[in-house]
Amino acid sequence: MGVRGIGAGSRIVSVRPLASSWLANHAITVADRHGRRHRLVLRRWARPGWDLDDPDYTAQREATILELLGPSAVPAPEVVAADPDATSCDVPALLLTRLPGHPQRRH
């Protein structure tokens, strides 16, 4: 079947959770059918009550903003696949390219 957005014959090579106090984020590495590896982030709106705490912070809104940033000079991930209405996933979700670097550490 493959990973949606990467294509038929792709497979997940690794998954690890990323620190987040708001969303369920996971770093995912996917190998396409040619063996090329794609570093991605799966963002899931899985925290109970997120829609009450910040109803404007939706998967659809984030996908739209990232699409608008695409042609700009602002470094932003690209949307590989989106399920903002939880049609295919258990919760709203975005699959994004992973930017290089690490988040700043809090002191």
- prompt: Taking the range 1-76 on its own, what percent of its Cα-Cα pair distances exceed 21 Å?
  reply: 44 percent
Solvent-accessible ranking of LEU40, LEU68, largest area first, probe 1.4 Å: LEU68, LEU40
message: Taking the Cα of ARG98, stepping 7 Å toward and past its beta carbon, and measuring to each backbone N in the range 1-40: which are under 13 Å?
response: 12-19, 25-31, 37-40
field: Heavy-atom accessible area ranking, 1.4 Å probe, most first, across ILE65, ILE6, ILE28
entry: ILE65, ILE6, ILE28
statement: the chain: relative contact order from alpha carbon pairs under 8 Å, six or more residues apart, as a whole percent, is 21 percent
- prompt: What 222 nm value per residue comes from the helices of the chain, counting each DSSP H run with n ≥ 4 as -39,500 (n - 2.57) and dividing by all residues, nearest 500 deg cm²/dmol?
  reply: -3500 deg cm²/dmol
query: Just in the range 1-71: which trypsin sites (Lys or Arg not before Pro) are loop by DSSP and have at most 16 other Cβ atoms within 10 Å?
result: ARG4, ARG33, ARG36
- prompt: How much of the accessible area of the chain, in percent, comes from carbon and sulfur atoms when a 1.4 Å probe is used?
  reply: 54 percent
field: Angle between the chain longest axis and helix 59-69 axis [Cα atoms, degrees, rounded to 10]
entry: 70 degrees
query: How much length is gained on full extension from ALA86 to LEU68, taking 0.36 nm per residue of separation minus their Cα-Cα distance?
result: 4.3 nm
- prompt: Which FRET efficiency, nearest 0.05, do ASP32 and ARG105 yield, Cβ-Cβ r, R0 22 Å?
  reply: 0.10
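The values are calculated or read from the model by the stated rules, or taken from the named source; none is laboratory data. Since this is a predicted model, take the numbers as computed values, not measurements. Methodologically, a virtual Cβ is constructed for each residue, glycine included, from the backbone with ideal geometry; neighbour enumeration extends over all protein chains shown. Side chains are part of the model used for accessible areas, which takes the heavy atoms of the whole protein and leaves out ligands, DNA and RNA. Shrake-Rupley method; radii C 1.70, N 1.55, O 1.52, S 1.80 Å.
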